[in-house]
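Asker: This is the structure I have questions about; it appears just below.
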Amino acid sequence: MHLIQVDSVQRWMEDLKLMTDCECMCILQSKPISIEKDEQNELILSSQYSTCDNLQLLLKRAWIISTELTRIAQKLEKNRWQRVHSMTVRVNCHVHSMINEHSTFTRSSSEEMHQLEKLLIDKCSEFTTFTERCLQTEDEEILKSMKSCVNETLTTVAQYFGQLIELVLTQEAQNLLRQIELSGSLYVMESAISSLFSLAQEGAHLCRIIAKEGGVVALFKICRQDCFRCLYPQTLRTLASICCVEEGMHQLEKVDGILCLADILTDTSHSEATHAEAAAVIAQITSPHLTFTQHLSSFLENMEEIVTALVKLCQEASSGEVFLLASAALANITFFDTMACEILLQLNAMKILLAACSDKRVVDTPYSRDQVVTILANMSVLDQCASEIIQGNGVQLLMEMLFEKCSSGNPAEAAACERVQQKSAVTLARLSRDPEVADAAVKLSCIPRLIKLCRSPTERNNSDSVLVACLAALRRLAVMSPDGLEDSDFQQLVKPRLVDSFLLCTNMEESFV
């Protein structure tokens, strides 16, 4: 869950209200509150608008219980029985609270749900009794024999707890998908899609549940009906989240999702927002980090149409976000199939991307420049690419990218800056096989910059990948223009084996103080 990634103090502040006097809270929440019929209807109605909040509360409670169970196992390993018992009591109370909280915003639960809840509560009570009994003896032999039983009970509690959470989340996904499929109201559908998106943000496991329950099928059904055009951006955004898992990709393939996305991207009557979100789905399903894209056979059939539409979206992008999504999709596609690079050359994409880089309104972050230089690096394997780079003043851009620096201190941005430096050096190395490109690079003082990146770890943010790329580029330029290097640079950075030069440069990071 992404909850774990939140700042620790903020996490503690949010958990505090759930952790305080949970025994008292458990007793209070078990007491029924009588309400009149009208008030009950009002309560149910208001709960519809806070389904997402209720689910967040449930997930937070589940995260706390999961964490506590892990800590109990650790304390049990060290035979800290007093701590084990107190934490078991706390887990018991949290389980009661979670079940009571869930029952307040669920109109009806299945028989399977009730059975699991009863099993979990009974096993938690048994667990508490067991650990209390362990406190009442000091005999090491008895404690040793009881420890295996406690471990077994802990495993069973964790198993029932996992099954209950899985069932709750599955039923929540089913309810939301039922609303999407059966409701004729745009408002109800929009609310359900929004809740489904929030659910998908909780991690890959939730995305798998949604995909298995038919989420991808239901969302693409919306994207094929003109009467729901206003819901397309939100629907596509949710699809992009769900399709990060293999189950989502399989469902997309089964419903001809690629064809649907191609139709949306090539339909000029759609809004830019819709096109951008469709590009985001394409970027997700073609990500080089995924290992299960090979089955997307239908993508190759529609690739030329999709690439053409994405290039047009890059050219006409009104904001940095739209350009980022479109260029990310293009960058991933160039990894996905080499034919994409040839299509991009035919579409004059090099000129369009180089022109966009001079527009700070569109290419305004290292993330966007990372996508552009990725496309350039992948296209640079084609011989025809060199002349396009020269005509579009691309060598100057690559030189500027070698100076990419992180200004915010944000780790993600720093990583993006490293990728920009690395890929610009890779592109220079590939393109410098053409004498005209190599000559332009030398005239723009690329060699001194590459030497500095090799010799100064801080210039490359201590990145080894940037160092290797710069050494490769420097060696290629040295072949084409040997007069551009001093003898010491040649002896240390060019003449030795690449691995020896690499070790020499990395040893410069050592401190001898």
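Asker: Restricting attention to segment 213-238, which residues are without any contact (Cβ under 8 Å) to a residue 24 or more places away in the chain and not polar (S, T, N, Q)?
Answerer: Of everything in segment 213-238, those that are without any contact (Cβ under 8 Å) to a residue 24 or more places away in the chain and not polar (S, T, N, Q) turn out to be ASP226, CYS227.
Asker: Return yes or no: is ALA414 over 18 Å from LEU428 (Cα atoms), of a type outside the set (S, T, N, Q), assigned by the TED database to the domain that holds SER456 and open to solvent by less than 30 Å² (accessible area, probe 1.4 Å)?
Answerer: In short, yes.
Asker: Which is touching a helix residue (DSSP H, G or I) at 6+ places or on another chain (Cβ under 8 Å) and in the same structural domain as THR365 (by the TED database), of SER287, SER318?
Answerer: SER318
Asker: Can you tell me which residue within segment 110-119, out of those that are within 13 Å of LEU167 (Cα to Cα) and touching a residue at least 40 places away in the same chain (Cβ under 8 Å), is most open to solvent (accessible area, probe 1.4 Å)?
Answerer: Step by step, filter segment 110-119, then rank; the result is GLU112.
Asker: Now a separate question. Answer with yes or no whether PRO448 is closer than 20 Å to SER501 by Cβ, over 34 Å from the mean Cα position of the chain (by Cα) and open to solvent by 10 Å² or more (accessible area, probe 1.4 Å).
Answerer: yes
Asker: Now for a different question. Restricting attention to segment 454-492, report how many residues are surrounded by 11 or more Cβ atoms within 10 Å (Cβ to Cβ) and at pLDDT 85 or above.
Answerer: 24
Asker: Checking VAL499 against (1) hydrophobic (A, V, I, L, M, F, W, C); (2) within 17 Å of ALA438 (Cβ to Cβ); (3) exposed (fewer than 12 other Cβ atoms within 10 Å of the Cβ), which single condition isn't satisfied?
Answerer: Exception for VAL499: condition (2).
Asker: Further question: Go through (1) buried (at least 16 other Cβ atoms within 10 Å of the Cβ); (2) modelled with pLDDT of 90 or more for GLU388 and report which single condition fails.
Answerer: For GLU388, the exception is condition (2).
Asker: Given the criteria surrounded by 13 or more Cβ atoms within 10 Å (Cβ to Cβ) and assigned to a loop (DSSP other than H, G, I, E, B), does GLU172 qualify?
Answerer: Taking the combined requirement at face value, the residue does not satisfy it.
Asker: For segment 434-444, check the following and say yes or no: at least one residue is out of contact with any helix residue (DSSP H, G or I) (no Cβ under 7 Å at 6 or more places or on another chain) and not assigned by the TED database to the domain that holds ASN378.
Answerer: yes
Asker: Let me ask something else. Inspect segment 195-212 for any residue being without any contact (Cβ under 8 Å) to a residue 40 or more places away in the chain, under 20 Å from THR274 (Cα atoms), out of contact with any Pro (no Cβ under 9 Å at 6 or more places or on another chain) and polar (S, T, N, Q) and give the result as yes or no.
Answerer: No: segment 195-212 contains no residue that is without any contact (Cβ under 8 Å) to a residue 40 or more places away in the chain, under 20 Å from THR274 (Cα atoms), out of contact with any Pro (no Cβ under 9 Å at 6 or more places or on another chain) and polar (S, T, N, Q).
Asker: Then there's this: Tally time: how many residues in segment 127-158 are open to solvent by 80 Å² or more (accessible area, probe 1.4 Å), part of a helix (DSSP H, G or I) and without any contact (Cβ under 8 Å) to a residue 40 or more places away in the chain?
Answerer: Of the residues in that region, 6 qualify.
Asker: Considering (1) assigned to a helix (DSSP H, G or I); (2) closer than 30 Å to SER195 by Cβ, say which one THR106 fails and leave the rest.
Answerer: (1)
Asker: Continuing with this model, one more query. Among the residues of segment 304-334, write down those that are over 23 Å from the mean Cα position of the chain (by Cα) and charged (D, E, K, R).
Answerer: Of everything in segment 304-334, those that are over 23 Å from the mean Cα position of the chain (by Cα) and charged (D, E, K, R) turn out to be GLU304, GLU305, LYS312, GLU316.
Asker: Looking at segment 77-105, which of the residues that are free of Cβ contacts under 8 Å to residues at least 12 places away in the same chain and open to solvent by less than 90 Å² (accessible area, probe 1.4 Å) is nearest to the chain's Cα centre (by Cα)?
Answerer: Filtering segment 77-105 for residues that are free of Cβ contacts under 8 Å to residues at least 12 places away in the same chain and open to solvent by less than 90 Å² (accessible area, probe 1.4 Å), the one nearest to the chain's Cα centre (by Cα) comes out as SER103.
Asker: Restricting attention to segment 493-513, and to residues there that are in a helix (DSSP H, G or I) and not hydrophobic (A, V, I, L, M, F, W, C), which single residue is modelled with the lowest pLDDT?
Answerer: ASN507
Asker: Please verify whether segment 421-444 includes one or more residues that are open to solvent by 10 Å² or more (accessible area, probe 1.4 Å), among the hydroxyl-bearing types (Ser, Thr, Tyr) and free of Cβ contacts under 8 Å to residues at least 60 places away in the same chain.
Answerer: The answer is no, given that none of the residues of segment 421-444 is open to solvent by 10 Å² or more (accessible area, probe 1.4 Å), among the hydroxyl-bearing types (Ser, Thr, Tyr) and free of Cβ contacts under 8 Å to residues at least 60 places away in the same chain.
Here's the yes/no breakdown for (1) more than 24 Å from ILE285 (Cα to Cα); (2) assigned by the TED database to the domain that holds LEU453; (3) open to solvent by 30 Å² or more (accessible area, probe 1.4 Å):
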| site | (1), (2), (3) |
| --- | --- |
| VAL322 | no, no, no |
| ALA328 | no, no, no |
| ASN332 | no, no, no |
| GLU342 | no, no, yes |
| PRO366 | no, no, no |
| ARG369 | no, no, yes |
| ASP383 | yes, no, yes |
| LEU397 | yes, no, no |
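Asker: If I ask for residues that are open to solvent by 10 Å² or more (accessible area, probe 1.4 Å) and not in a helix (DSSP H, G or I), which ones from segment 224-264 would you list?
Answerer: Within segment 224-264, ARG224, GLN225, CYS244, VAL255, ASP256 meet the criteria.
Asker: In segment 265-293, how many are acidic (Asp, Glu) and surrounded by fewer than 21 Cβ atoms within 10 Å (Cβ to Cβ)?
Answerer: Number satisfying all stated conditions: 2.
The values are calculated or read from the model by the stated rules, or taken from the named source; none is laboratory data. Note that the structure is predicted; figures quoted are calculated from it, not measured. Note that we place each Cβ from the backbone using ideal geometry, even for glycine, and neighbour counts take in every protein chain shown. Please note that ligands, DNA and RNA were not included when accessible areas were found on the heavy atoms of the full protein model with its side chains. Shrake-Rupley method; radii C 1.70, N 1.55, O 1.52, S 1.80 Å.
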